[in-house]
Amino acid sequence: MERTDGDPSTLSRRIGWFTAACVLIGNVIGSGIFTTTGFMARDLGHPGLILAVWLMGGLIALAGALAYSELGTALPVAGGEYVYLTRAYGPFVGFLSGWTSFAVGFSAAIAAGAMSFASYFLEIVRFGDEGTEGVLSIIVALALLWAITGFHLLGVGAGEWLQRTLTILNIGAILFLVVAGLLGGKGDWAHLALPDARATPSLGLCVVSLIFALYAYSGWNAAVYLAGEVREPARTLPRALIGGTLFVMLLYLVLNLLYFYALTVAELADPPLLPVANKVAAALLGADAARLVTMILCLSIAGAVSAMVWAGPRVYYAMAKDGLIPTYFCQLSGRRGIPTHAILLQSLWASVLILSGSFERLVIYSGTVLTIFSALAVGSVFVLRRREPDLPRPYRTPLYPVVPAFFILAAVVIVWNALYERPIEGAMGIATLLVGAPIYFVWGRRRI
């Protein structure tokens with residue numbers, strides 16, 4: 001764990017609540033909100049039901065944020081779930097969490113985000129021919145990754161500026177789309193009462209739609225990875241986690257209302273389903289407005305990649321501090337005070353995944369495992385309250401034990417559904433997790 005005794009490998013507390021919230025918001029708002037409502041429209045067929053699913057997804061994320069606020073303020077050090085799981089369940093479980101974060105949780109998600117950015121970017125800036133599109137996508141993806149990595153290698157100040165700029169531009173562009181769409185006057189609020197007779201919603205389809213929504217909310221916990229660098233963590237972390245999650249939930253509901261104002265749920269369900277925001281922008285503002293949505297998607301994805309490039313290495317830094325991986329990765333770079341080697345490790349692995357094209361499968365496999373670790377982390381609230389009742393808790397989860405139990409129950413349903421519907425992908429996710437076991441027994445036992 002981190003010390004406050006002048007240890008040169010200890011991170012400095014420089015980050016305020018607004019930057020921490022920007023990391024969370026930037027990490028959450030990727031491409032999901034602009035794409036997944038089309039699938040929900042096809043499967044559920046009623047605006048009210050779809051809005052209820054988005055609300056439920058937001059409440060689950062908020063329950064997680066409330067529980068993590070207690071954990072983050074009680075253990076205000078870098079590392080997120082790795083720290084909580086190590087404290088509650090021991091170093092082996094903590095290591096497996098950190099290994100998963102490195103192998104797939106952050107690195108594969110960064111690679112997938114960078115390639116998605118490249119795809120949308122090349123829609124805006126067209127050059128070359130179809131035969132070179134694959135190579136160009138890889139070049140653009142690597143350029144984005146290393147440009148963002150370069151900013152974060154310059155220090156916390158440069159990383160703060162980049163994250164805040166990307167997040168503010170992204171939110172500003174989304175709000176512009178909403179205001180312009182509503183003022184355009186080409187929609188109809190009566191669409192909210194028009195179901196699609198073709199749809200046959202069921203409980204199973206509602207669960208699947210909820211999983212889509214939760215995918216769009218993933219990243220609500222991003223601020224805790226920077227807990228060792230925030231000022232006044234007892235105040236900053238709850239404000240960033242809870243405020244950021246509530247802001248995203250409100251923004252998602254507003255965007256979905258815009259979708260239903262623009263088109264009926266039947267029109268949203270008509271092919272092509274991706275991205276639904278393009279169809280909405282074209283309906284409200286004309287065909288050229290789809291280009292604006294593509295630009296927003298680029299901003300959203302770049303912000304998410306930046307947040308992950310910043311947050312992920314703090315996990316490996318914490319693991320190195322505990323001796324579970326070489327201490328080389330917890331060394332800080334002089335005045336800049338950042339874990340340079342950990343940042344480079346993650347970006348190099350993400351680059352390998354981009355070049356190999358294996359990131360897509362890893363992202364699919366990782367969802368189940370990451371949900372398990374999130375549930376275990378929220379379960380740490382129960383474990384630590386019982387085992388360490390005297391641990392200082394500047395913030396306590398409200399409505400305990402209902403709030404953490406609600407999150408864990410939702411996670412159990414999601415994991416069960418994933419294993420039932422996609423047993424092969426679930427098994428591969430577990431296999432990816434277990435690959436970390438022999439690494440733990442090699443490095444962890446040596447306590448470098």
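Each label point was placed 7 Å from the Cα along the Cα-to-Cβ direction; for Val442 and Lys186 their separation is 5.8 nm.
For the stretch 7-139, the calculated P(r), taken from all Cα-Cα distances in 5 Å bins from zero up to the bin holding the longest distance, is 2, 7, 10, 14, 16, 16, 13, 11, 7, 3, 1, 0 percent. A Cβ-based charge dipole, computed about the Cα centre of the chain with Lys and Arg at +1 and Asp and Glu at -1, lands at about 1260 debye. Annotation for Ala193 and Ile124: the two label points, set 7 Å from Cα along the Cα-Cβ direction, are 4.0 nm apart.
Which net charge results for the neighbourhood of Phe260, defined as the other residues with beta-carbon distances under 13 angstrom from its beta-carbon, given Lys and Arg at +1 and Asp and Glu at -1? Mind showing how you got there, number by number?
Values: positive: Lys279; negative: Asp188, Asp196, Glu267.
After counting each charged neighbour, the total is -2.
Taking the longest Cα principal axis of the chain as reference, the axis of helix 423-434 is set at about 20 degrees.
Calculated from the structure at hand, Cα extents along the principal axes in Å is found among (1) 62, 52, 42; (2) 104, 56, 40; (3) 67, 53, 48 as (1). Working from Cα positions, state the angle (0 to 90°, nearest 10) between the long axis of helix 340-356 and the longest principal axis of the chain. The angle comes out at about 40 degrees. Extending 7 Å from the Cα toward the beta-carbon at both Trp161 and Leu250 defines two label points whose distance is 3.0 nm.
Could you order peptides 298-304, 286-292, 257-263 by the average number of other Cβ atoms within 10 Å of their residues, highest first? Spell out each step's value before the answer.
Details: 298-304: 26.4, 286-292: 14.1, 257-263: 23.4.
Final packing ranking: 298-304, 257-263, 286-292.
When peptides 92-102, 51-61 are ranked by their average number of other Cβ atoms within 10 Å per residue, the highest-first order is 92-102, 51-61.
Reducing the stretch 297-318 and the stretch 195-257 to their Cα centroids gives an inter-centroid distance of 17 Å.
Taking packing as the residue-averaged number of other Cβ atoms within 10 angstrom, the listed peptides 65-74, 412-421, 167-176, 377-386 run from highest to lowest as 65-74, 377-386, 167-176, 412-421.
Convex hull volume of the C-alpha atoms in the stretch 180-311, normalised per residue: 144 Å³.
Each 5 Å bin, from zero up to the one with the longest distance, holds this percent of the alpha carbon pairs of the stretch 245-306: 4, 17, 22, 27, 19, 9, 2, 0.
Within the accessible area of the chain, what % is carbon and sulfur when the probe is 1.4 Å and the other protein chains stay in place? Its accessible area is 68 percent carbon and sulfur atoms. For Ile15, the residues 5 or more places off, or on other chains, whose built amide H falls under 5 Å of its own are Val230, Arg231. The residues of the stretch 98-191 expose on average 45 square angstrom of accessible surface per residue, using a 1.4 Å probe on protein heavy atoms. Taking the stretch 176-198 and a reference point 7 angstrom along Cα→Cβ of Leu55, the backbone N atoms nearer than 16 Å belong to 192-193.
Nearest 20 debye, what's the magnitude of the dipole of the stretch 304-393 about its Cα centre given +1 on Lys and Arg Cβ and -1 on Asp and Glu Cβ? All intermediate terms of the calculation are to be shown ahead of the outcome.
Details: 9 positive and 4 negative charges, 49 e Å.
Roughly 240 debye, rounded to the nearest 20.
A 1.4 Å probe, protein heavy atoms only, puts the accessible area of Lys279 near 50 Å². Helix 402-421 and the longest principal axis of the C-alpha atoms of the chain enclose an angle of approximately 70°.
For the chain, the residue among Ile168, Leu210, Gly312 whose Cα projects farthest onto the positive side of the dipole built from Cβ charges is Gly312. Once the 1.4 Å probe is applied to the protein heavy atoms, the stretch 271-375 comes out at 35 Å² accessible per residue.
The values are calculated or read from the model by the stated rules, or taken from the named source; none is laboratory data. If you're wondering where the values come from, they're calculated on a predicted model, not measured in any experiment. So basically every Cβ, Gly included, is an ideal-geometry build from the backbone, and we count neighbours across all protein chains shown. Surface accessibility is based on the protein's heavy atoms, side chains included, excluding ligands, DNA and RNA. Shrake-Rupley method; radii C 1.70, N 1.55, O 1.52, S 1.80 Å.
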